[in-house]
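The values are calculated or read from the model by the stated rules, or taken from the named source; none is laboratory data. For clarity, every value in this text was computed on a predicted model and none was experimentally measured. Here the Cβ is made from the backbone with ideal geometry for all residues, glycine too, and neighbour counts use every protein chain on show.
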Amino acid sequence: MIETALALVELPTVVLGIRVADAMAKRVAFDVLRVGTVQPGRYLVLVGGSVAAVEEGVAAAREVASGDELDLLFLPAVARTVVDAMVGARVEVEAEALGVFETRTVAATLAAADAAVKGASVDLVEIHLADGLGGKGYFLLCGAVSDVEAAIELGSGAPGVAEQLIDSATIAQLQSAVWTELRAGARFSDRLRAGGV
């Protein structure tokens, strides 16, 4: 379980991804090491542990990737709500406003979510990463309109996010039927099968 620091390296090929993961694991023993493919043919390496260990792992990743990584994230004090949302935890609340934040990379999504929840009084509803999204990621958060606006601004300003940002929005007074649909799931085909048309 990730308790302190987190790093995620997003790579364009499986071969480079495995080489990077191997170099990181040879250099440092992590509390958490997870690797795998995501759409569209990218490879992710996620590590968690002490700040020093994760920082050393990032150095190893940079040496092997030699600038060919698509994105790289290092969070020395990752928010627990971000870690929980990464593994599927969802907050079931309706609030005054919904924030939606979409990026081109998994790393940028996590960086923005972490900055948003640390800097504003909002609830992180859920995070969706890569698969089924063509490699993109997005997250939803909710709270008072001014807090959601602040969170979106903080997420946009997180290091490395601006160049990966696709779009973001604060939606006040989201219609209740849309809240119900969002709570039920993100995949359109699942919603069709569940409720018919």
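Condition check ((1) assigned to a helix (DSSP H, G or I); (2) touching a Pro at 6+ places or on another chain (Cβ under 6 Å); (3) surrounded by fewer than 24 Cβ atoms within 10 Å (Cβ to Cβ)) across all residues:
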position	(1), (2), (3)
F101	no, no, no
A108	yes, no, no
H128	no, no, yes
L133	no, no, yes
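Exactly one residue out of V83, V117 is within 11 Å of the chain's Cα centre (by Cα), part of a helix (DSSP H, G or I) and buried (at least 18 other Cβ atoms within 10 Å of the Cβ): that is V83.
Here A61 clears all of (1) over 14 Å from the mean Cα position of the chain (by Cα); (2) surrounded by fewer than 22 Cβ atoms within 10 Å (Cβ to Cβ); (3) not acidic (D, E) except the condition numbered (2). Please work out if A115 is assigned by TED's automatic domain parsing to the domain that holds T37 and free of Cβ contacts under 8 Å to residues at least 60 places away in the same chain. Answer is no for this residue. Taking (1) surrounded by fewer than 22 Cβ atoms within 10 Å (Cβ to Cβ); (2) at pLDDT 95 or above in turn, E96 satisfies each apart from (2). Scoring A7 on the criteria (1) part of a strand (DSSP E or B); (2) more than 16 Å from A59 (Cβ to Cβ) leaves a single failure, condition (2). Using the structure shown, decide if L72 is surrounded by 15 or more Cβ atoms within 10 Å (Cβ to Cβ) and touching a residue at least 60 places away in the same chain (Cβ under 8 Å). Taking the combined requirement at face value, the residue satisfies it. Within the stretch 124-150, residues that are in contact (Cβ under 8 Å) with a residue 40 or more places away in the chain sit with their Cβ atoms under 6 Å from residues that are part of a strand (DSSP E or B) and of a type in the set (F, W, Y), at 6+ positions apart or across chains, in these pairs: I127/F139; H128/Y138; F139/F101.
Of the residues screened, A25 is one that is without any contact (Cβ under 8 Å) to a residue 60 or more places away in the chain and part of a helix (DSSP H, G or I).
Yes or no: I171 in a strand (DSSP E or B) and closer than 26 Å to A77 by Cα? Criteria not met by I171.
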